[in-house]
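Working notes, structure below.
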4 protein chains.
Amino acid sequence: MIRAGVVGATGYAGAELVRLLAGHPSVELTVLTSRQFAGARFDIVYPAMAGVVDSTCEPLSLERLIDACDVVFTALPHKIPMTMVPDLIDNHKKVVDLSADFRFQEAALYEAAYQPHSAKNLLKEAVYGLCEVYFDELREARLVGNPGCYPTSALLPLVPLLKNDMLEIGSIIVDSKSGVSGAGRSLSIGSHFCEANDSFKAYKVAVHRHNPEIDSILTRESGKEVSVTFVPHLVPMARGMFTTIYAVPRDKLTVEAIGSCLGSYYAGRPFVRIKGPEMVPDTRHVRGTNFCDIGFTIDEPHQRVILTAAIDNLVKGASGQAVQNMNIMFGFDEGTGLLNVPFPV
Amino acid sequence: MIRAGVVGATGYAGAELVRLLAGHPSVELTVLTSRQFAGARFDIVYPAMAGVVDSTCEPLSLERLIDACDVVFTALPHKIPMTMVPDLIDNHKKVVDLSADFRFQEAALYEAAYQPHSAKNLLKEAVYGLCEVYFDELREARLVGNPGCYPTSALLPLVPLLKNDMLEIGSIIVDSKSGVSGAGRSLSIGSHFCEANDSFKAYKVAVHRHNPEIDSILTRESGKEVSVTFVPHLVPMARGMFTTIYAVPRDKLTVEAIGSCLGSYYAGRPFVRIKGPEMVPDTRHVRGTNFCDIGFTIDEPHQRVILTAAIDNLVKGASGQAVQNMNIMFGFDEGTGLLNVPFPV
Amino acid sequence: MIRAGVVGATGYAGAELVRLLAGHPSVELTVLTSRQFAGARFDIVYPAMAGVVDSTCEPLSLERLIDACDVVFTALPHKIPMTMVPDLIDNHKKVVDLSADFRFQEAALYEAAYQPHSAKNLLKEAVYGLCEVYFDELREARLVGNPGCYPTSALLPLVPLLKNDMLEIGSIIVDSKSGVSGAGRSLSIGSHFCEANDSFKAYKVAVHRHNPEIDSILTRESGKEVSVTFVPHLVPMARGMFTTIYAVPRDKLTVEAIGSCLGSYYAGRPFVRIKGPEMVPDTRHVRGTNFCDIGFTIDEPHQRVILTAAIDNLVKGASGQAVQNMNIMFGFDEGTGLLNVPFPV
Amino acid sequence: MIRAGVVGATGYAGAELVRLLAGHPSVELTVLTSRQFAGARFDIVYPAMAGVVDSTCEPLSLERLIDACDVVFTALPHKIPMTMVPDLIDNHKKVVDLSADFRFQEAALYEAAYQPHSAKNLLKEAVYGLCEVYFDELREARLVGNPGCYPTSALLPLVPLLKNDMLEIGSIIVDSKSGVSGAGRSLSIGSHFCEANDSFKAYKVAVHRHNPEIDSILTRESGKEVSVTFVPHLVPMARGMFTTIYAVPRDKLTVEAIGSCLGSYYAGRPFVRIKGPEMVPDTRHVRGTNFCDIGFTIDEPHQRVILTAAIDNLVKGASGQAVQNMNIMFGFDEGTGLLNVPFPV
């Protein structure tokens, strides 16, 4: 049994961490912090949890975390984690940070997209927590920068093909669609029911902060300077993310070659399901699960590769992957606590 | 390990049984039958299950069920189960029938609401599978008539109060609201997305077949001839059922007395959560779970008791309760396989 | 052409007024006020209106309203209208107030449910704007208290039956279900997409402020002290309200008698559609329209009358009825500007 | 007053035609045909229309159409219209066909995507009803092939830029997202509420029949052989279509140049609203309207043009554009009957 703390437990990513950790056979959930709800029982904030999670939310205290946790999940807005993570690490805690603060190896990239970084010395050490790609590094990691939801859905289909030099690196377009929970639990007019309902729209067209995150990993994995065009959209549903990717192949490419590349890269990995050209992923098929379903085909007349991926933005796109990272860091099977049978509807 | 078969595995109740049984630690899922999809892998019909359930659907065969199962769940339209259940029982199988065929002790009641009954001799033996009310009978049962979704949501709040003679039996009104999955997977214009979306409506006003089912159990439990007014409605969401009940108290009644009556009746039962007057149940809080959340208050100026209940119509209203029944019949803890941590959103 | 102003034009009721008045053939929309968006073009707040409504929102100014309007619609939270309406009336403006401030003839009722009233002298003069019931008074009205959405859906089915002494006045139960837009455009966790989606729940059980409003009109129309049990619920859709009413008939009553009572009361009125026992109302059938669809049946075994009503809470439940009131006050046909053909889906 | 008939009036496109034509000031709706509902009142099929449209559906009869109509709208599955349109044209009727049968000038293109064409002689004469592009031809047209929904949303942003030779013709990618009503009223598992809800997915990836339709018009307008990559997706909402387009500019291009190209092409046209780089279109802003909102920006680091468009698939994507075509053919103002004020929510 390891002892886990969730910092920012009442946001959607935090609450999803609570869901997964409360059901994890090797984890004891010791600390839940919440700025807004400190002092309240967690099941008052999320009444679904009544009778299941009986913790009370606490104010954030580093001492308390250091005392009571072996691993800390920080589910906070970026900028805050970098102020507390160094202390946790110095006190021999393992940390999975769900913000962007430790996703970039180079401070300059982070600072261009976000703000000045106050814990640069940890950037080189932090491992980017894309489990299927950095499994080996993750086993030794003390600090994991948990990937963004959009990057997860874009990188899992792209990394194997780029590692195998199959795509023109300048040709890649990532068109992503996310459910509304991605915007979090903070109130905003865009997440107001009557405004989000019956609404499909693009936002932050080609200027979203997940763009450099995608680029930096593709660059690292391909060994070439890769940069993609990225457009996120909002879908009127709570959970789910679907990403459609367009790219020009370097040489004439067959559907079989893509399938074989993806299949061998992800062989034996429990959470990537390769769908093939006749079965298209669907966000409903991954709802509430840690799966990433990947489809692929070739638009023959235009010799263009089309990849599709579906994830649950709160699970594989956030908290599920965070728990998968913890599993790897602590030597558990990576699927532990994450393999509930999916809902048929 | 017991061996379980699901007859009608590709309907929504059947598929939800597969979800729950596939995750049950003491069950081996041996047979899935489907008329429409015989020969197809279950995960082709429900791609969410890829990598998790690798069974292939079979045509219905009594021999095969008798050979390969200790318990059979029949998730079929009423009228069909009564033709096969006697054979299963004769061959020492335990049966949980999710249709209406074995919910009535008296054939006349069934026949008035449905059609002639061809296995009347089993009606007296069959136990009505409302787990919290008939726990003791269920432990010995060979055949369970699993309750309808509406009756479950109406009976759990009402039974304790009627047993304690707290309500005027002629005054009870049950106003229920169900998600669209209650109408099943068969195509119909009422379940067509564009017709069900943005639509709230009543249907079968005061003539729904769950009305006599509710009445017969209330009559049995109260020892008086009880009959309620029952109106079902459809809500534009997939899962969830909410029931609001109005009744006149026999004597002046306090909120505390109701709370105490419900609380003591359900003491120690894991799936009934009493919410009390200040916390109203919400279908979102029970989504995907086997919980029944019960709220209550008194409309003081009119001295009227108001009870509310929320369940997931596919879980506590169908397949979850069916698995809970199996647990009780086989001596497992009643919560086995049914206590996954709920989703926060 | 009359000149109309909308105070509080950027809330949902205000914006719906803008929609209806901008399309009204005899109205010039001269003033739109908005506290939050003063100075901004209306079509920046509601981009749907680009190219159709080119007004700019103004801060609230009584002088400006007096100068530029013949009729003023106040779509503000209660308490504010009573501070400005007297000045408007003194300056010979006609006023339709969409708050609760002028819905009660007796200050005591208002003050028990809301707060002290500062314009009591206008209460007796103000006409309750339930168009089909108070048509004659509305023709002469200077000030209209526009009905609440729940009361509209409850009163239209009940008033004719109570006027004809058909129901036991102590037996009436009103079970209402509303779309989320009823909670307005102000941000709140209850209207947050991920919280309202997949959620059906009751709220303010038997303590909602629309309860005394319903009671006071039923009392006035029946000549007896009527008080109903009222429970509102929230439905996961943007627009629409459905109300189910239960009552005991005073004498044995037939479906025909109810149909004939409703039919003759609403004969010739364009916005009430009597559906009869075989056709149940549906919120989708009235979405975006000023219709109130009324269904009725008798639960024979329990001799209970069941009435159902569907309205669009933003139209007949608020802004459409407000425009209908204006039409009547100014001698236009009551349907002017309100008879757009409904959407099929 | 012209007399209009709708063939296939009870499908979604047909019913939307009824909505628009019933509210059109210069149209008398004389014939509604329906195979499935012949003999039934239209308002039994669409109860929203009670009191507004009192027509009865008829079986299809060419004689009756010839007798009673000046213009006929055929809202039928492709293949059927080509069997009846020649007779209508011979009898001097004007025809707007909403199927694909008359959208291609060259039979070979049609036959490659659909089936053998039995009225080829009319293909050259038929005008492609993209109102803003073929206005002049439409004024003289006897027969209009009304555009598909996807092509409308892709062509309106692309045509001006291609006419001005601004884009690399081989670089164009069209990523479209449609509401579920696009799949029509025929029952299918994909349109079943519980399957479409919470589901976002791609379908017919790069093999949809609207692809050659888009290509043929872009080729005609640009004078070059253009072919695009096209991927359609399904969004869990009833109405609305959003299209995101990616293309490489031929020369360095500024946002201003794009805005000016689009702005001058659509100057004076009431239904195209150019949004510019800071305001992104949203399906909610065009719901129920005939507008096409167009956004655009340049992804500077990759020198890629990104265009976005939002339409209501049933209005500008089908029946609204059909009525606009009728307006142009008969010399009415093109906006007649199509300029209702949009809904704010």
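The values are calculated or read from the model by the stated rules, or taken from the named source; none is laboratory data. As the structure is a computational prediction, the values presented were derived from the model and not from experiment. Cβ: placed from backbone, ideal geometry, glycine included. Neighbour counts: every protein chain shown. Side chains are part of the model used for accessible areas, which takes the heavy atoms of the whole protein and leaves out ligands, DNA and RNA. Shrake-Rupley method; radii C 1.70, N 1.55, O 1.52, S 1.80 Å.
Table for the structure above
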| item | result |
| --- | --- |
| Residues satisfying the stated conditions in the stretch B:17-32, i.e. within 13 Å of another protein chain (Cβ to nearest Cβ) and under 20 Å from B:PHE330 (Cα atoms) | B:LEU17, B:VAL18, B:ARG19, B:LEU20, B:LEU21, B:ALA22, B:GLY23, B:HIS24, B:PRO25, B:VAL27, B:LEU29 |
| D:VAL174 vs. criteria in a loop (DSSP other than H, G, I, E, B), under 30 Å from A:HIS285 (Cβ atoms) and within 14 Å of another protein chain (Cβ to nearest Cβ) | no |
| In the stretch C:33-61, residue most open to solvent (accessible area, probe 1.4 Å) [restricted to those that are under 25 Å from the mean Cα position of the chain (by Cα) and more than 12 Å from every other protein chain (Cβ to nearest Cβ)] | C:ARG35 |
| Output for the stretch A:4-19, where each listed residue is touching a helix residue (DSSP H, G or I) at 6+ places or on another chain (Cβ under 6 Å) and open to solvent by 10 Å² or more (accessible area, probe 1.4 Å) | A:GLY8, A:THR10, A:ALA13 |
| Some residue of the stretch B:266-275 being within 13 Å of chain C (Cβ to nearest Cβ), farther than 29 Å from B:GLY145 by Cβ and either open to solvent by 10 Å² or more (accessible area, probe 1.4 Å) or in contact (Cβ under 8 Å) with a residue 24 or more places away in the chain (or both) | no |
| Hits in the stretch A:280-289 (condition: part of a helix (DSSP H, G or I), in contact with a Ser or Thr (Cβ under 7 Å, 6 or more places away or on another chain) and open to solvent by 10 Å² or more (accessible area, probe 1.4 Å)) | A:ARG284 |
| Where a residue in the stretch B:170-181 is closer than 14 Å to B:SER153 by Cβ and its partner, wherever it lies, is of a type in the set (D, E, K, R), with Cβ under 6 Å and at least six apart | B:ASP175/C:ASP175; B:GLY179/B:ARG239 |
| Matching entry among C:GLY184, C:GLY129 (being open to solvent by less than 40 Å² (accessible area, probe 1.4 Å), closer than 30 Å to B:GLY276 by Cβ and away from chain B (no Cβ under 14 Å)) | C:GLY184 |
| Considering residues of the stretch D:250-263 that are in contact (Cβ under 8 Å) with a residue 12 or more places away in the chain and under 21 Å from D:ALA154 (Cβ atoms) only, the residue nearest to the chain's Cα centre (by Cα) | D:LEU262 |
| Which listed residue, of C:ASP101, C:ASP90, C:ASP97, is open to solvent by 10 Å² or more (accessible area, probe 1.4 Å) and either in contact (Cβ under 8 Å) with a residue 60 or more places away in the chain or not polar (S, T, N, Q) (or both) | C:ASP90 |
| Candidate set from the stretch C:222-257 (those that are more than 14 Å from every other protein chain (Cβ to nearest Cβ) and basic (Lys, Arg)); member that is most open to solvent (accessible area, probe 1.4 Å) | C:LYS252 |
| Tally, over the stretch B:280-302, of residues that are closer than 13 Å to A:MET49 by Cβ, of a type outside the set (Ser, Thr, Tyr) and more than 9 Å from chain C (Cβ to nearest Cβ) | 4 |
| Identity of the residue in the stretch A:166-181, open to solvent by less than 10 Å² (accessible area, probe 1.4 Å) and among the small types (Gly, Ala, Ser), that ends up farthest from D:THR243 (Cα to Cα) | A:SER181 |
| Considering residues of the stretch D:132-165 that are closer than 20 Å to D:ASP333 by Cα and of a type in the set (Asp, Glu) only, the residue surrounded by the most Cβ atoms within 10 Å (Cβ to Cβ) | D:GLU132 |
| Checklist (1) open to solvent by 20 Å² or more (accessible area, probe 1.4 Å); (2) away from chain C (no Cβ under 11 Å); (3) in contact (Cβ under 8 Å) with a residue 24 or more places away in the chain applied to D:LEU339, failing item | (2) |
| D:THR152 vs. criteria more than 10 Å from every other protein chain (Cβ to nearest Cβ) and either within 26 Å of A:SER176 (Cβ to Cβ) or touching a Pro at 6+ places or on another chain (Cβ under 9 Å) (or both) | yes |
| Conditions (1) without any contact (Cβ under 8 Å) to a residue 60 or more places away in the chain; (2) among the polar types (S, T, N, Q); (3) not in a loop (DSSP other than H, G, I, E, B); number of the one not met by A:THR152 | (1) |
| Residues being touching a residue at least 40 places away in the same chain (Cβ under 8 Å) and either at the interface with chain A (Cβ under 10 Å from one of its Cβ atoms) or crowded, with 21+ Cβ neighbours inside 10 Å (or both) - total across the stretch D:191-210 | 2 |
| In the stretch C:62-76, the residues that are open to solvent by less than 20 Å² (accessible area, probe 1.4 Å) and part of a helix (DSSP H, G or I) | C:LEU65, C:ALA68 |
| Matching entry among D:GLU58, D:GLU111 (being out of contact with any strand residue (DSSP E or B) (no Cβ under 8 Å at 6 or more places or on another chain), more than 30 Å from D:PHE271 (Cα to Cα) and assigned by TED's automatic domain parsing to the domain that holds D:TYR12) | D:GLU111 |
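Here's the yes/no breakdown for (1) among the polar types (S, T, N, Q); (2) assigned to a loop (DSSP other than H, G, I, E, B); (3) touching an Asp or Glu at 6+ places or on another chain (Cβ under 6 Å):
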{"site": "B:ILE298", "(1), (2), (3)": "no, no, no"}
{"site": "B:THR308", "(1), (2), (3)": "yes, no, no"}
{"site": "B:GLY320", "(1), (2), (3)": "no, no, no"}
{"site": "B:GLU334", "(1), (2), (3)": "no, yes, no"}
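Each row is one residue, and each column tells you yes or no for (1) in a strand (DSSP E or B); (2) closer than 29 Å to C:PHE193 by Cβ; (3) among the small types (Gly, Ala, Ser).
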residue: A:SER199; (1), (2), (3): no, yes, yes
residue: A:VAL231; (1), (2), (3): yes, yes, no
residue: A:THR243; (1), (2), (3): yes, yes, no
residue: A:LEU253; (1), (2), (3): no, no, no
residue: A:GLU256; (1), (2), (3): no, no, no
residue: A:GLU278; (1), (2), (3): no, no, no
